[in-house]
Structure formats: structure tokens, C-alpha cells
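The values are calculated or read from the model by the stated rules, or taken from the named source; none is laboratory data. Keep in mind the model is a prediction, meaning the values are calculated, not measured. Don't worry about glycine lacking a Cβ; one is built from the backbone with ideal geometry, like all the others, and counts go over all protein chains shown. Ligands, DNA and RNA are excluded from the accessible area calculation, which covers all protein heavy atoms including side chains. Shrake-Rupley method; radii C 1.70, N 1.55, O 1.52, S 1.80 Å.
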Amino acid sequence: ILQFDPNAGFWFLNWGRNSIYTTEALYHILVAALWLGMLMKRWAIAAIAMLLIASTHPWTGAEMLAIIAIYLLLLSAARRPKPPFWFYATFAATGAIFVWYYGIYLNRFTLHSSIVQDLSLPIIMHFPAFLLSISFPLLLVAVRVYKRTRFTDADAFLAVCFIVSSMLTLHQYVVKPI
């Protein structure tokens with residue numbers, strides 16, 4: 001398996017290996033709380049997890065905010081039951097503060113700019129490693145699609161998670177690197 005893992009296995013493509021680093025474990029717990037909150041329509045749990053993710057990790061925060069934005073747009077377009085208004089307001093405020101803090105405020109500091117430059121090195125996810133990491137989720141999707149013909153809100157949310165995460169992971173195939 002390590003032959004497919006980028007950086008000799010230190011890209012940590014699974015939750016088991018991520019659990020040995022406490023900060024990574026925390027991010028995974030927050031993402032799990034966010035996703036479970038969204039899936040179970042526990043909007044307070046989802047909002048708290050969203051706030052904590054966006055305030056602690058720029059990349060994960062951007063990914064989760066993108067997932068929530070697309071999912072909320074899908075719910076609106078499909079005329080499905082929507083979250084309460086306060087959840088939309090919390091999402092909008094979190095997104096605005098996130099963009100201001102990471103995109104405007106921190107960029108005023110030269111130290112932050114140099115850190116961003118160092119962290120902007122190309123990280124290329126090799127396609128075989130990607131296929132290995134998504135094989136089990138794809139199997140679950142295939143079984144669910146086979147057993148019924150109609151997607152639920154939970155299926156739509158997980159599909160959005162999959163598509164956004166895949167596009168960010170395989171960004172070199174989606175957008176031309178700068």
C-alpha cells in the first residue's frame with residue numbers, strides 16, 4: 001500500500017494513520033461531527049463543527065464550506081426541506097469571516113505570506129493512490145444505487161462531499177496549477 005501513498009505514506013490517506021497525530025485526529029473528529037450533523041439534520045452540531053473547522057484549519061475549512069455551500073444550493077434547487085434560517089446566517093457569517101481572515105487579514109503579514117509560499121508547493125495525488133482511497137466508498141455507493149432508485153438527502157450530501165473532495169484532491173486534473 002505504501003507504494004501508492006504520496007511521500008512514503010506521510011500523506012495519511014486513511015483515518016487510522018491520521019489518528020496518531022492529535023491535530024489530524026481533531027480535524028477528523030470535527031469533520032465527522034459536521035458530516036453527522038448535516039446527515040442527521042442536527043443543525044446546531046453542524047454549525048458548531050463548521051465554526052470550529054473554519055477557525056482552525058484553512059484548507060479543511062475551505063473544503064467544508066464549499067461542501068456546505070453546494071449542498072445548500074442543491075437543497076434549494078430541489079425544493080427539499082431546508083435547514084433553519086439561523087443555519088444559513090451562521091454559514092454566511094462563517095464564510096465571510098473565513099475569507100476575510102485567511103484571504104485578507106493574514107496576507108498583510110510578511111511572515112504569513114512566506115508560510116503560504118512554503119506551503120504552496122505542488123502536492124500531486126497519484127491516481128492509483130486516489131483509486132485505492134475511494135474503492136470502499138465507491139463500493140458502498142454502488143450497493144446503495146443498486147438497492148434503490150431514488151437518492152435521499154443523505155445520498156446527495158455524501159455525493160457532494162465526494163465530488164468536492166475529489167476535485168480538491170485531484171486539483172491538477174481540474175485546474176491548471178499556478
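Key figures for this structure:
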{"read-out": "Single unsatisfied condition, L72 versus (1) over 18 Å from the mean Cα position of the chain (by Cα); (2) open to solvent by less than 30 Å² (accessible area, probe 1.4 Å); (3) closer than 26 Å to T169 by Cβ", "value": "(1)"}
{"read-out": "Test: residue in the stretch 48-66 that is open to solvent by 40 Å² or more (accessible area, probe 1.4 Å), at positive phi and either modelled with pLDDT of 95 or more or charged (D, E, K, R) (or both)", "value": "no"}
{"read-out": "Contacts under 9 angstrom Cβ, first residue in the stretch 34-45 being touching a residue at least 12 places away in the same chain (Cβ under 8 Å) and more than 15 Å from A156 (Cβ to Cβ), partner among the polar types (S, T, N, Q) and open to solvent by 30 Å² or more (accessible area, probe 1.4 Å), 6 or more apart", "value": "W43/T90"}
{"read-out": "Selection within the stretch 137-158 - of a type in the set (A, V, I, L, M) and open to solvent by less than 60 Å² (accessible area, probe 1.4 Å)", "value": "A142, A154, A156"}
{"read-out": "Failed item in (1) part of a helix (DSSP H, G or I); (2) out of contact with any helix residue (DSSP H, G or I) (no Cβ under 6 Å at 6 or more places or on another chain), with G95 passing the rest", "value": "(2)"}
{"read-out": "Selection from the stretch 102-116 of residues that are more than 19 Å from the chain's Cα centre (by Cα) and either within 23 Å of A47 (Cα to Cα) or part of a helix (DSSP H, G or I) (or both)", "value": "I104, Y105, L106, N107, R108, T110, L111, H112, S113, S114, I115, V116"}
{"read-out": "Residue within the stretch 94-102 that is over 23 Å from L65 (Cβ atoms), open to solvent by 70 Å² or more (accessible area, probe 1.4 Å) and either modelled with pLDDT of 85 or more or polar (S, T, N, Q) (or both) present", "value": "no"}
{"read-out": "Single residue of the stretch 9-29 satisfying the filter (farther than 22 Å from F136 by Cα and assigned to a helix (DSSP H, G or I)) that is modelled with the lowest pLDDT", "value": "T22"}
